[in-house]
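I have placed the structure first, in the form of C-alpha cells, so that the comments after it can refer back to it.
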Amino acid sequence: MSTTLTHTPEPTVRAALRSPKLLRIEVLAGLVVALALIPEAISFSIIAGVDPRVGLFASFTMAVSIAFLGGRPAMISAATGAIALVIAPVVREHGLDYLIATVLLGGALQIILGLVGVARLMRFIPRSVIVGFVNALAILIFLAQLPHMIDVPWLVYPMIAVGIAVIVGLPRISSVIPAPLVAIVALTAFTLLASITMPNVGDEGELPDSLPSLLLPDVPFTLDTLKIIAPYALAMALVGLLESLLTAKLVDDITDTHSDKTREAWGQGAANVITGFFGGMGGCAMIGQTMINVKASGARTRLSTFLAGTFLLILVVGFGDVVALIPMAALVAVMIMVAVGTFDWHSIQPATLRRMPKSETAVMLSTVAFTVATHNLAIGVGVGVLVAMTLFARRVAHLTQTHRALTEDAEGAIATYRVTGELFFASSNDLYTQFDYADDPDRVVIDLSDSHIWDASTVASLDAITTKYARKGKSVEIIGLNEASAERHGRLSGELSSH
C-alpha cells in the first residue's frame, strides 16, 4: 500500500483579488513588511558602505521582481545583511561601479546554477543543520536590534515593551489588522502627540526623493575586472541561493505547501540582475521579513511580496518625511517578536535534548555557533553539513564487522572472513587490520555477501590485504560481490597503489 503526500492548496493572486478578506490580509501584510524593510535596508547599506538609496532601491526591485519570477509565493526578498557582508570589500576597495558589476555577475551565476539544478542539492542538508540555521538567524535578528537599545533615552525601553505587548496581545482580541502594523502606528502617534524626541527611522540615513533609474556600471570590460569581481560574485551567488532556498523550505513547512526550488534559484538570479541594472546592492530572501509576512500577518500569495516592494518605494519617495518619524522602538519591538517566533524553542527543550542523538545536537549547535560568530550563513551551514557528514561517516564506519571462521575440505584448511556493513573510506581503512596474516592457512576467502563496495579506498584496502597474503605465499579469493561492487572492484583492482 503506497501513501501519497498531499499539500494544502495555497490561495492564488486571482483568489486574493476576488476575496475582500484575503485581499485585506495581503495588502496589510505588504504594508507591515515595507515598514520593517526600511530601517533594515538602510542599515544593510551602511554595512556594505553605500548610500542608503542603494539598499532601499535594491529592496524595491528585488521584492517586485521576485514576486513575478520566484518559486515560493509570499516569500520576501530584499537587500540583506548576508549579501552586504560579502560585497562590502568590493565597495571599500574598488567603488560603487564595481559593486554593481559584482551584483550583475552574481545574478547571472545564480541563473546558471538554478538552471543546472543546484536546488536539488538541498536534499543533502540535514534537518539538524536547518534547525541550526533557523535558530542562528533568530539570534542574529535579535542581536541586530541591540544597537537600537544601547545608549538611548530611557523611554525607548517602555515603548519597546508596549510594542511587544501589543504584538502578543492584540491577536487574542482581533486579527483584522496585523498586530505589528498597529504597534508601529500606535507608537508613532504617541511620540508625535506627546512631542517626545527619540531615535527614529530618519536618524538611520537619508531617504531618497526620486525614483530609481536604469544604469550600466562604469567599469572596463576586461579580464582584470573579472578577476576582481568574480570571487565576490560567486560568494554572493552561493550565499544568496543558500539563504533563499533554506527560507523557502521553512515557508513550505509553515504553510504546508510546496514550492518550486529550481524556479526560486534562477528567479533570485534574474531579480539580482534587474536590481544591478537599477543600481541596487543585490539581495536574497529575508527570513525576518518573510516571517512577518507569512507567520505574523498570514499572507500566502505573490501579491503581498509585490505590494511590500511597491509600498516601500511609495513610502520612502512619496512619504519619506512621515516614515522618517517612525520611532525605532516600534520596529525593534516587531523584530524582537520576529526573532522569538523564528527560534525553534522545541529544539532546546530538555526533553528534546535527552531524546535527540548527541551527534544531531552537535550538528545543530555547530551551525548556530559558526553562523552567529561569522554572521555568514554560508560558513555556518557549510560547517554544519561538514560536521554532520563526519559524524555520519564515523557512525556508519563502526557498523562494519568482520567474522573469521576456520573450515576444512579435501585440499586442506580454509580461513573464511565474512564482512558485514558498508565499505567506504571511513570503514575500509580499518579493514586491513582485521586479518590474521601470520596464522591463517594457505587459502583465505573474503565473503562480501553482506557488504557493498562504495569507493576506491575499499578496493585499495582489499588489494593491500591480497598483496600482504601473497607475500606470505597465501592465496585470497573474494566472493559474494553484488553487481555494482563487482563492477567497481573489477575496474579498479590492481590499478591503485597499494599501502
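The values are calculated or read from the model by the stated rules, or taken from the named source; none is laboratory data. In this text, all values refer to a predicted model and were calculated from it rather than measured experimentally. Note that we place each Cβ from the backbone using ideal geometry, even for glycine, and neighbour counts take in every protein chain shown. Surface accessibility is based on the protein's heavy atoms, side chains included, excluding ligands, DNA and RNA. Shrake-Rupley method; radii C 1.70, N 1.55, O 1.52, S 1.80 Å.
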Restricting to region 373-414, what's the tally of residues that are farther than 21 Å from G240 by Cβ, open to solvent by less than 30 Å² (accessible area, probe 1.4 Å) and within 23 Å of the chain's Cα centre (by Cα)? 1
When every residue in region 206-234 that is modelled with pLDDT under 90 and buried (at least 20 other Cβ atoms within 10 Å of the Cβ) is compared, the one farthest from N272 (Cα to Cα) is L207
Can you tell me how many residues within region 144-155 are open to solvent by less than 50 Å² (accessible area, probe 1.4 Å) and part of a helix (DSSP H, G or I)? 2
Give the residue that is nearest to the chain's Cα centre (by Cα), with candidates limited to residues of region 421-441 that are polar (S, T, N, Q) and open to solvent by 30 Å² or more (accessible area, probe 1.4 Å). N429
Within region 178-202, residues open to solvent by 80 Å² or more (accessible area, probe 1.4 Å) and at negative phi come out as V185, F190, L192, L193, T197
Within region 468-480, restricting to residues that are open to solvent by 50 Å² or more (accessible area, probe 1.4 Å) and touching a residue at least 24 places away in the same chain (Cβ under 8 Å), the one that is nearest to V419 (Cα to Cα) is I479
With respect to A464, is the statement that it is surrounded by 19 or more Cβ atoms within 10 Å (Cβ to Cβ), farther than 18 Å from R404 by Cα and modelled with pLDDT under 95 true? no
Under 8 Å between Cβ atoms, which residue pairs at least 6 apart in sequence (or on different chains) link something in region 51-66 that is touching a residue at least 12 places away in the same chain (Cβ under 8 Å) and under 14 Å from L307 (Cβ atoms) with a partner that is among the aromatic types (F, W, Y) and open to solvent by 10 Å² or more (accessible area, probe 1.4 Å)? A63/F306; V64/F306
Take the conditions open to solvent by 50 Å² or more (accessible area, probe 1.4 Å), over 22 Å from L31 (Cβ atoms), free of Cβ contacts under 8 Å to residues at least 40 places away in the same chain and not in a loop (DSSP other than H, G, I, E, B) and apply them to P158. Does it pass? yes
Could you check region 187-206 and list, in sequence order, the residues that are of a type in the set (S, T, N, Q), more than 12 Å from V332 (Cβ to Cβ) and touching a residue at least 60 places away in the same chain (Cβ under 8 Å)? T188, T191
Taking region 289-302 on its own, how many of its residues are crowded, with 22+ Cβ neighbours inside 10 Å and over 16 Å from D253 (Cα atoms)? 2
Taking the options T305, T275, name whichever one is under 29 Å from A161 (Cα atoms), modelled with pLDDT of 95 or more and open to solvent by less than 10 Å² (accessible area, probe 1.4 Å). T305
Confirm whether T61 is at pLDDT 95 or above and β-branched (V, I, T). yes
